[in-house]
Structures are given as structure tokens and as C-alpha cells.
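Only the coordinates and a few stated rules stand behind these numbers; no lab work does. Given the structure is predicted, the values throughout are model-derived calculations rather than measurements. Cβ: placed from backbone, ideal geometry, glycine included. Neighbour counts: every protein chain shown.
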Amino acid sequence: MTTNLSECMNNVLKRTRNLPISSLVQATYYRVTAKFEERGTQAQAMMTSGTFKVDLEKRWCDCGEFEALHYPCSHVISACSFIHCDYMMYVSSKYTLQCIFDVYKEEFQAIPLQSYWPEYNGIELCHNPAMRKYPKGRPQSTRIHTEIDQREKNTHPKRCGLCRNEGHSKNKCPYRTDTPNRN
């Protein structure tokens, strides 16, 4: 899960971000429309149901936030307020400062010099370079090519940059005076 809005949008629009601008706008429009319809039907279903059910003994709420986060949602706080109960008693102990300090109180053991390590006599493992997550070099584009990406055939043949003759490049030009120094 990303917290940065631009990272989130890049993740949602991964397949469309390399498209031309008109296609990108159109794809964004359709995705946002679909998401609004989905969220609208969810909100409508919640509104027609009337109220959210809260069970404080089982630490449960219809919205699902109370069970997922182990932290009181707005419905639990409202229910606690209605029965004159402190909602802080339903906050998980994992959210206390003492628990957070306990996580960071452990120290890393210093790694001894490699000469002090015991001799290893097991099997030797070798990595499979084909299974690398990010191979070396320029990343391959996931762009979906459209008709705008097709090139027209060039009717003019390529010419040398020095003598302007066809059939060779300036690196292999027979009229080139300076020869590159290859040491």
C-alpha cells in the first residue's frame, strides 16, 4: 500500500501511463467512473441498511475497520458515547507507547570477523540470474502500442554524415581522414 498519492495513481494507471495523452485521459475517465459507480453502490447499500451494528464484547462493527485495525472506528466511538463508556479501553495494546518502545529496545548483535566463522560443509547454493526481480540494463516498457506508434516507411535511404553518399555511415566512411585511435 502506498501513502503517496502520485505513487498510488501510477500503480492504478500502470498500463496506461505510456499511452498518448488522449488515450490516457479517456482511460482515466473510464476507470474513475467505474470506481465512482462501485463506491456509490457501496455507500447506497450502507445508507439503505440504516445503521451500523456494533458489538463491543466481540469487538466487531459492520464497517470492518474495528476488526482490521484493532482501533475503534467512528461507530464504536458513537456507541461508547451512547452508553457512557470510555472508548480507549477498546484500543489495542499494540498502539501504546510502551509497546512501540519495546519493539525498538532490542539491540543487534555485532557480526564477528569472517575469520571467526565456523567452517561450512553443506551444499553450495547458486542463484539463478533469470529469476532476478530487476534485471540489469534499461527496463522494458509495458506500453501497449497503438496505431499512432507505427512509423511511416522512409523513402530516402540513409546517407553518410561526412560525404553524403549512400551505403555506409560516417564511422566506416572511406573518405574519413582521421582514423580513431583504438588502444
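Spatially close Lys pairs in the chain, defined by Cα atoms under 17 Å apart and a spacing of eight or more places or different chains, total 4. With an a/c value of 1.5 or above and a/b not larger than b/c for the gyration tensor axes a ≥ b ≥ c computed over the alpha-carbon atoms, the range 101-150 is described as oblate. Can you find, among Tyr104, Thr41, Thr155, the residue farthest towards the positive end of the dipole of the chain? Put +1 on the C-beta of Lys and Arg, -1 on that of Asp and Glu. Sorting the options by dipole projection puts first Thr155. The calculated FRET efficiency for Lys58 paired with Lys35, based on their beta-carbon distance and R0 = 35 Å, is about 0.65.
Computed over the chain with a Gaussian network model linking Cα atoms closer than 10 Å, the most mobile of Arg159, Arg31, Arg138 is Arg159. Per-residue Karplus couplings for the range 155-170, computed as 6.51 cos²θ - 1.76 cosθ + 1.60 with θ equal to phi - 60°, are listed in order as 7, 8, x, 6, 10, 5, x, 9, 9, 6, 8, 8, x, 8, 9, 5 Hz, Gly and Pro entered as x. Over the residues of the chain, the helix contribution to mean residue ellipticity at 222 nm works out to -10000 deg cm²/dmol, using -39500 (n - 2.57) for each DSSP H run of at least 4. When the charge dipole of the chain is built from unit charges on Cβ atoms (+1 for Lys and Arg, -1 for Asp and Glu) and taken about the Cα centre, the candidate among Phe52, Ile21, Pro72 whose Cα reaches farthest toward its positive end is Ile21.
Were the residues from His168 through Leu97 laid out at 0.36 nm apart, the gain over their Cα-Cα distance would be 18.3 nm. Here the extension length gained between Thr155 and His127 equals 5.2 nm, from 0.36 nm per residue of separation less the Cα-Cα distance. Specify whether the C-alpha gyration tensor of the chain places it in the rounded, prolate or oblate class, a ≥ b ≥ c being the square roots of the eigenvalues: rounded for a/c under 1.5, otherwise prolate if a/b is larger than b/c and oblate if not. Because a/c hits 1.5 or more and a/b fails to exceed b/c, the chain counts as oblate. Dipole magnitude for the chain: about 1900 debye, using +1 per Lys or Arg Cβ and -1 per Asp or Glu Cβ, origin at the Cα centre.
Note on the range 51-105: Rg/Rh from C-alpha atoms, Kirkwood Rh, equals 1.06. Pull out a ≥ b ≥ c, the square roots of the eigenvalues of the alpha-carbon gyration tensor of the range 55-151, then state rounded if a/c is under 1.5, prolate if not and a/b is larger than b/c, and oblate in the remaining case. Cα axes put the range 55-151 in the oblate bin. Of all the options Cys163, Cys80, Cys61, the one that moves most in a Gaussian network model of the chain with Cα springs shorter than 10 angstrom is Cys163.
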